[in-house]
1. So if we plug the beta-carbon distance of residue 195 and residue 21 into 1/(1 + (r/R0)^6) with R0 = 45 Å, what FRET efficiency do we get, rounded to 0.05?
2. Kindly provide log₁₀ I(q)/I(0) values, in the same order as q = 0.10, 0.21, 0.22 Å⁻¹, from the Debye equation applied to equal alpha-carbon scatterers of the range 124-231.
3. Kindly state, to the nearest 0.05, the FRET efficiency for residue 112 paired with residue 322, given R0 = 45 Å and r defined as their beta-carbon distance.
4. Evaluate the distance, in nm, between pseudo-label points positioned 7 Å from the Cα of residue 130 and of residue 266 along their respective Cα→Cβ axes.
5. Students often forget the sequence filter, so: which lysines lie under 20 Å Cα-Cα from residue 215 once same-chain residues fewer than 8 apart are removed?
6. For residue 200, what charge total do you get from the other residues with a beta carbon under 12 Å from its beta carbon, if Lys and Arg give +1 and Asp and Glu give -1?
7. Would you kindly derive the ³J(HN,Hα) couplings of the range 127-143 from the backbone phi angles with the Karplus curve 6.51 cos²θ - 1.76 cosθ + 1.60 (θ = phi - 60°), listing them in order in whole Hz, with x for Gly and Pro?
8. Quick one: if the Förster radius is 51 Å, what FRET efficiency do residue 58 and residue 185 give, using the C-beta to C-beta distance and rounding to 0.05?
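All of the numbers you see were taken from the coordinates with simple rules; none came from a lab. Since the model is a prediction, treat every value here as computed from it, not as a measurement. Please note: Cβ atoms are built from the backbone with ideal geometry, for glycine as well, and neighbour counts cover all protein chains shown.
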Amino acid sequence: MKPRIFVTRPVPAEVESYLQEHCECDFWGQEEPVPRQMLLERTADVQGLLTAGGKIDAELFDHAKQLRVVSSLSVGYNHYDLPAMKQRGIIGTHTPYVLDESVADLVLALMLGTARRVVELDRYVREGRWQRGDNEVLYGFDVHHATVGIIGLGRIGEAIARRARFGFAMNVLYHNRSRKPQAEEELGAAYRTLDELLAESDYVVLMTPLTPETKQLIGRRELALMKPSAIFINVSRGQNVDEAALLEALQTGAIRAAGLDVFDREPIGAEHPLLQLPNVIALPHIGSATAKTRFDMAMLAAQNLVAGLEGRTPPNVVQELQ
Ligand code: NAP
């Protein structure tokens, strides 16, 4: 008998067919996240869950007594309650590698967009404010040959470093808990303590996972260490940053600008004060959102789930559950 699964995210037709070949599928089928109560009801008798956010925790496991494998259609897995999964022997997977290049592209888009004021000046043109003779009012700042500091030089961080170093001749600094000699050699990335990196970088890029250790990693103290000319880019998770402190730093000119793909609360409300600032570019959590990459992620998530349900070790079990 095929294992039963619940799929909370829309997936491409080809992925749906693959899942149907291997499992008895219940598809939520809507773009909006599945309401919690509905999730609890629809997982009551499944062995597998394909999801992408929403808490995966002890309460869910108490309802879903047969659940054996949870596959997330994302590389980040801060929605997993890892101790609860470990305790119950539930396999948890994610989708690393296939999205690295797309996310790195978006980081560069935010660096270039904030530095050269692309969104702000697009509005300027559309609003008919462009006049002959405009000059210094349109100036931005260079990305090429500047210094980028990457906090979290992992899979995606390395793809950013490669672009920065070889595409834009940037000086690349990084901070991790552990050093990466291979990246230092291949990418010319120089290790710095967090405080050194913050003080030296023209562009500070945050790319760590959200963990108890990285929650609010960038707060008032860290923002104060940055140069007043620094541009801050966050494509990791909103909760890695103290958003109130970031707002204040942008309002007071303690830093120059920010490019943000992620927020404390998503979707962020249109009235949020961050969105009233011309020196902020805000995006709706689209780091990996290209058609090809999202297809690859969906297929990988499906393959991870099927492997786990068929008794094989899925290729992408999250590190803490290996
Ligand atoms: P990864 O390969 O695991 O890299 C994470 C890096 O962060 C590692 O190099 C790790 O190095 C470092 N790190 C972890 N904890 C740290 C700490 N406390 N202080 C300093 N550095 C720390 O992960 P990835 O695939 O690059 O993805 C990173 C994150 O990006 C994901 O977890 C996800 O939250 C986010 N993301 C967002 C989007 C989006 O759409 N906006 C898309 C994809 C990913 P050490 O272990 O040596 O510290």
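1. It comes out at approximately 0.30.
2. Values returned for q = 0.10, 0.21, 0.22 Å⁻¹ are -0.36, -1.06, -1.13.
3. FRET efficiency, residue 112 to residue 322: 0.75.
4. Here the answer is 3.3 nm between the modelled labels.
5. Reachable lysines: 55.
6. It works out to a net charge of -1.
7. Those phi angles translate into 7, x, 8, 6, 10, 4, x, 4, 9, 5, 5, 9, 5, x, 9, 7, 9 Hz.
8. Efficiency for this residue pair is about 0.70.
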